[in-house]
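Only the coordinates and a few stated rules stand behind these numbers; no lab work does. Remember, predicted model here, so these are calculated numbers, not experimental data. Neighbour counts are summed over all protein chains in view; Cβ atoms, including those assigned to glycine, are modelled from backbone coordinates with ideal geometry.
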Amino acid sequence: MTARRYGADLEAAIDAAVLQLLVEQGPSAVTMEAVAAKARTSKPVLYRRWPDRRALMRDTLLRASIAAIPHEDTGSYRSDMLALLHGWVRTCSGPGAAVLRAVIAAMTYDAELAEAFRAGVIGWRKQDMAALLARGIERGDVRPDVSIDIARELAQSVLWHRLLVTGDPITDDLATQLVDDVLVPYVSPRPSPPAC
């Protein structure tokens, strides 16, 4: 007989079950029944925490993203972005890559998953990037008139493109090059024009 799990142990088993089902069978396989079976728990345990499979997937993907992508203040825009992009590199080049590909592929025909992913994971990333840029503006290493929408997506769009389209390598060297050659020059305060 298997001992009941609680707290972090149960949450880890549920998360692992959801992610495994996503990768192996796609989002349609992530049902309350399938997750309960794979996590060796019961459907009532799941329903006490989540009203439906969409909420369960959204929360699982959000927790996985928060755990994988650093979001602490490191003291400068450059070091914040290096930490963040190196986290994305680990995610996009490790086991998390299969989860991301499965989710993105399924979003084209699963409106519930698309809504959950955009509201949960992408919504959190947008908020976190806006906060990161606001800290940079306060410190003076990001110009106040920078386009937040462009700055928050600029480097990550290259990683997503490589992950989903070209299959080109996603490396720490690429992340550093994106930060130093693209992001820092884009967000840095511009020199004042010379006085006439």
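A few comments on the model shown:
- Per-residue ³J(HN,Hα) for the range 15-32, Karplus 6.51 cos²θ - 1.76 cosθ + 1.60, θ = phi - 60°, Hz, x for Gly and Pro: 4, 4, 5, 4, 5, 5, 4, 4, 6, 7, 10, x, x, 5, 7, 7, 10, 4
- Here each label is just a point 7 Å from Cα along the line to Cβ, and for Ser188 and Asp168 those points are 2.3 nm apart.
- Helix 148-161 axis, angle to the chain major axis (alpha carbon atoms, nearest 10°): 60
- Computed lengthening from Glu112 to Ala29, 0.36 nm per intervening residue step minus Cα-Cα distance: 28.5 nm
- Debye, to nearest 20: dipole size of the range 152-196, +1 on Lys, Arg Cβ, -1 on Asp, Glu Cβ: 240
- Using alpha-carbon coordinates, inclination of helix 53-68 to the longest axis of the chain, degrees: 50
- Here is the list for the range 105-140: chymotrypsin sites (Phe, Trp or Tyr not before Pro) lying in DSSP coil, each with at most 12 other C-beta atoms within 10 angstrom of its C-beta, are Tyr109.
- Ranked Glu112, Glu138, criterion: other C-beta atoms within 10 Å, fewest first: Glu138, Glu112
- Using 0.36 nm per residue and subtracting the Cα-Cα separation, the extra length available between His161 and Leu10 on full extension is 50.9 nm.
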